[in-house]
Each structure stands twice: as structure tokens, then as C-alpha cells.
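*Asks:* Next up is a structure, given as C-alpha cells.
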Amino acid sequence: MRASRSFPGAVFWLALMFGIARVAVCQSVALQNTIAATPDVGVGAQYDSTHVYVATEDFDHFVGSVVATFGGTTSKQVVLTVTAIASKTISQMISTPVGMFSVFGYKTPVPYPFGTERAGYLVTDLDAAIGAARASGASVLVTPFKDPIGRDAIIQFPGGVNTQLYVHNTMPSYGPLKTIPENRVYVSLDSADAFIRSFLAFSHGRVVSSDEHAPGVEVGRPKDTYRRVRIESTFGKMTVLATDGHLPYPYGWETTGYEVANLTGTLTKAKRAEVKILVAPYQVDRRQAAIVQFPRRLHRRDPFARSMSNSMVAGRNLKSRHDLVALS
């Protein structure tokens with residue numbers, strides 16, 4: 001028996017930041033040794049993109065709504081194979097001042113585990129990056145394969161956090177972003193330390209703040225607290241949200257935070273582009289934030305899988321999330 005289920009479209013977190021207090025956190029000797037033993041393979045945040053999977057009939061509408069909200073440009077739409085085995089997808093890049101989006105609209109079923117990755121990171125050397133990932137405690141879900149313009153792989157950090165790594169045959173050259181996106185990673189309390197150690201070792205990043213009792217309003221629970229760790233590296237910014245998993249919708253679905261200069265103005269443009277405000281603007285931790293949902297139905301060509309994307313906007317930051325969901 002198959003149950004009918006509905007899922008959100010592309011959801012993002014937007015934020016306006018008034019200045020961030022930074023707290024240096026000491027790294028263990030073991031972590032320092034791991035970092036010293038592995039290469040720094042990052043290139044820059046302007047080369048990293050949030051991956052969004054969209055139904056083909058909604059592809060143009062989604063792309064248009066993102067550009068209308070944030071500005072920017074798009075690459076030419078193409079149909080190609082970007083997976084390790086045969087498949088076909090519409091593919092288009094959106095370059096905005098606050099970050100890049102890689103948009104996919106599959107014409108065939110989506111091969112597993114594609115669609116479960118949060119983002120794509122450009123690296124200097126894919127084989128070296130795979131070695132660094134394994135040395136840091138990550139596993140390789142999809143071993144390196146060729147695509148039309150380079151090579152790719154998918155790795156998984158402790159806690160089940162999937163990321164695609166890629167290299168181009170010809171190294172691209174992009175200008176710096178106006179603001180750096182913030183990857184929002186929800187993990188369990190049990191896996192938080194293992195994930196943080198692994199990602200720091202792989203990214204050669206550093207913890208810029210750590211709060212064992214961050215305000216619960218950030219995860220939809222204003223009467224509670226939770227653990228929050230902020231990290232910066234060549235790959236950009238990251239906020240790790242370690243919770244008990246008791247999260248009201250839509251918290252937990254957003255994957256990327258985009259910083260905007262004027263939250264009110266951005267939300268006005270978003271609403272004109274048929275973007276839905278899921279969480280009205282609120283202020284906490286020197287940020288004014290909101291969560292929005294871009295117009296997009298889920299890819300349904302695969303009878304047992306769907307992908308979704310969510311975003312959050314914080315007075316100067318936006319976040320976006322996508323996930324593959326099994327249907328029965």
C-alpha cells in the first residue's frame with residue numbers, strides 16, 4: 001500500500017547580521033596532527049554550491065524565483081549525465097552575490113545516493129581530497145567518476161552528512177562573493193563531536209564560536225537551549241546544530257544560510273517571486289532571521305524517492321536545505 005505524502009519546496013534561511021562575537025576554541029593535539037598530515041584541498045567559497053533537485057516542470061520557475069530574490073546570473077541550461085551511472089538531468093548554475101546554486105531536474109530516476117548530498121565543493125585535487133576525507137574519518141559513498149567537465153565523488157562525514165567533491169578539467173575563475181554562505185548542519189548529540197572533528201580535519205577549518213546553551217528559538221524551541229558550533233574554513237562558513245531531534249517544522253530542513261544586506265527588502269522581493277515565508281523575521285544572537293520556501297515541487301520520477309530543498313534567511317543570512325525522502 002502506498003501512502004500519499006506532501007513535502008515542502010525549496011526552503012532557505014535568510015539573516016541580517018549585526019556583528020558576530022568570535023570565540024577561539026582550542027583544538028586537540030590529535031586533531032592538529034591530523035590537519036598537519038593532510039593537504040588543504042579547498043579552493044574558495046565562491047566555487048561551492050548548494051545542490052537543489054527540482055521537478056522538470058518547475059525548473060524555470062524555481063530558477064527565476066532565486067534570481068528575482070537575490071539577483072545574479074545563470075549559466076546556459078543543458079541536459080547531461082552528472083552521475084556515476086547512466087541518467088539524464090537538466091542542469092543549470094545560478095550565480096548570486098550571496099552564493100551559488102546547482103539546480104538539477106532529472107528526466108530519469110535519480111541514481112542513489114545522488115540527491116542526498118547537501119552541496120558541492122571544488123577541490124584542488126580530487127584524489128588528494130579523497131585521501132584527506134578518509135584520513136579525517138569520512139567515508140567515500142561514490143568513488144571518483146568522470147562527468148562532462150571533470151571528475152566527482154561523494155563523501156559522508158560522521159553523522160550522515162553527505163557532500164559532493166569535484167574538480168574541473170579547466171580550473172574556473174570566479175570573483176569573490178559579496179557575503180559567504182553558511183552551511184547549516186543538523187546532527188545528533190551523539191554524533192556532533194565526531195562530525196566536528198572530522199570536518200575540521202578535512203577542511204583545515206577552525207571553530208570560531210561554541211555555545212552549549214544556544215537560544216532554542218533558533219531551532220523553533222524558544223523555551224529550550226541547544227548546542228551550536230560555528231566553523232570557518234576555505235569552504236566557507238558552517239553552523240553545526242546538535243539537537244535531540246525534537247524539531248518543529250521547518251527547522252532541520254534548511255541546509256544553507258545566505259547573508260543579505262537588507263532582510264526586509266529581500267523578503268519583499270521574495271514574496272513578489274511567489275516565495276513563501278515559513279518563519280517570520282525574528283532577532284537573536286546579533287541576527288535578524290527568517291525562513292522562506294521557494295516555489296518548487298519535488299522530483300517524482302523515481303517511484304520511491306523525492307528530493308526537497310528548504311532555505312532560511314537571517315537579517316543578513318539565508319539558509320537552504322534539500323533531502324531525499326523514501327516513500328512507501
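The values are calculated or read from the model by the stated rules, or taken from the named source; none is laboratory data. Nothing here was measured: the structure is a model prediction, and the numbers come from that model. Virtual Cβ from ideal backbone geometry, glycine too; neighbours counted across all protein chains shown.
*Asks:* Collect the residues in the range 53-73 that are touching a helix residue (DSSP H, G or I) at 6+ places or on another chain (Cβ under 7 Å) and either under 16 Å from PHE114 (Cβ atoms) or surrounded by fewer than 17 Cβ atoms within 10 Å (Cβ to Cβ) (or both), keeping them in residue-number order.
*Replies:* Within the range 53-73, VAL54, ALA68 meet the criteria.
*Asks:* Continuing with this model, one more query. If ALA280 meets every condition in (1) free of Cβ contacts under 8 Å to residues at least 12 places away in the same chain; (2) closer than 30 Å to PRO158 by Cβ apart from one, which number is that one?
*Replies:* So the condition that ALA280 fails would be (2).
*Asks:* Considering only the range 134-150, state which residues are closer than 12 Å to GLY120 by Cβ and either without any contact (Cβ under 8 Å) to a residue 60 or more places away in the chain or outside any strand (DSSP E or B) (or both).
*Replies:* Scanning the range 134-150 gives a single hit, GLY150.
*Asks:* Looking only at the range 61-82, which residues are β-branched (Val, Ile, Thr) and without any contact (Cβ under 8 Å) to a residue 60 or more places away in the chain?
*Replies:* At the first step, the residues of the range 61-82 found to be β-branched (Val, Ile, Thr) are 63, 66-67, 69, 73-74, 78-79, 81-82.
Answer for the range 61-82, where residues must be β-branched (Val, Ile, Thr) and without any contact (Cβ under 8 Å) to a residue 60 or more places away in the chain: VAL63, VAL67, THR73, THR74, VAL78, VAL79.
*Asks:* Just wondering, is there one or more residues in the range 88-102 that are within 21 Å of VAL275 (Cα to Cα), modelled with pLDDT of 95 or more and touching a His at 6+ places or on another chain (Cβ under 9 Å)?
*Replies:* yes
*Asks:* Count, please, the residues in the range 144-160 that happen to be buried (at least 22 other Cβ atoms within 10 Å of the Cβ) and within 15 Å of the chain's Cα centre (by Cα).
*Replies:* 3
*Asks:* Residues that are free of Cβ contacts under 8 Å to residues at least 24 places away in the same chain and in contact with a helix residue (DSSP H, G or I) (Cβ under 9 Å, 6 or more places away or on another chain): list the strands (runs of 3 or more DSSP E) wholly contained in the range 157-270 that include at least 3 such residues.
*Replies:* 225-233
*Asks:* For the range 248-262, does any single residue satisfy the condition of being over 29 Å from PRO97 (Cα atoms) and not basic (Lys, Arg)? Full working, then the answer.
*Replies:* The initial filter retains those residues of the range 248-262 that are over 29 Å from PRO97 (Cα atoms), namely 248.
Adding the requirement that they be not basic (Lys, Arg) leaves 248.
Looking through the range 248-262, at least one residue is over 29 Å from PRO97 (Cα atoms) and not basic (Lys, Arg).
*Asks:* Filter the range 86-130 down to the residues that are assigned to a loop (DSSP other than H, G, I, E, B) and of a type in the set (Ser, Thr, Tyr) and list them by number. Walk me through it before giving the result.
*Replies:* Initial filter on the range 86-130 (assigned to a loop (DSSP other than H, G, I, E, B)): 86-88, 97-98, 107-118, 124-125.
If the condition is that a residue be assigned to a loop (DSSP other than H, G, I, E, B) and of a type in the set (Ser, Thr, Tyr), then SER87, THR108, TYR112, THR116, THR124 are the ones that fit.
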